[in-house]
Amino acid sequence: MVTDHERASLLFEDLLEKSIAIKEVELKKIAGIPFVYLMPAEGVTKRELEDILKWCASKAMKGKRLTLAMSYVRKNQAFYVYRVRFLVPQRKMFCCGNLCDDCIRFTEP
């Protein structure tokens, strides 16, 4: 069974690979943190690259309760390196049955 988080990550990667403004895409996980290495097509600025990243992420997150955490890391030779993570909500979303003080049943919608 694929989770919403995994589904969003796969769709995000697929959208990046199909983008005509990006020549090459590499996704790496280093120490459990996902990094995206992007080689832009000729004439594409860093700002346009970031807009493409945000657009792809928004399409991947559509209909899911995820948020985007993206930050520029560095320019490595011809690649721009970004840390891109999809974050799940911090709030409990269901009752676990343990009679917790902060149970979702006791909060207003």
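Quick note: the coordinates plus some simple rules give every number you see, no bench work behind them. Predicted, not measured: the structure shown is a model, and the values here were computed from it. In this analysis, Cβ positions are derived from the backbone assuming ideal geometry, glycine residues included, and neighbour counts consider all displayed protein chains.
Remarks
- Compactness of region 37-91, expressed as Rg and Dmax over alpha-carbon positions, Å: 12.7, 43
- Semi-axes of the equivalent ellipsoid of region 9-109 are 35, 14, 11 Å, computed as sqrt(5λ) over the eigenvalues of the C-alpha gyration tensor in descending order.
- Inter-probe distance in nm under a simple model that places probes 7 Å from Cα toward Cβ, at ILE20 and ILE104: 4.3
- Loop-resident sites, region 18-70, for GluC sites (Glu not before Pro), counting at most 10 other Cβ within 10 Å (DSSP): GLU42
- Efficiency of FRET between LYS29 and CYS95 - r from beta-carbon atoms, R0 41 angstrom, step 0.05: 0.80
- Among the lysines of the chain, pairs at least eight places apart or on separate chains and with Cα atoms under 14 Å apart come to 5.
- Against the chain, whose longest principal axis is taken from its Cα atoms, helix 46-61 shows a tilt of about 40°.
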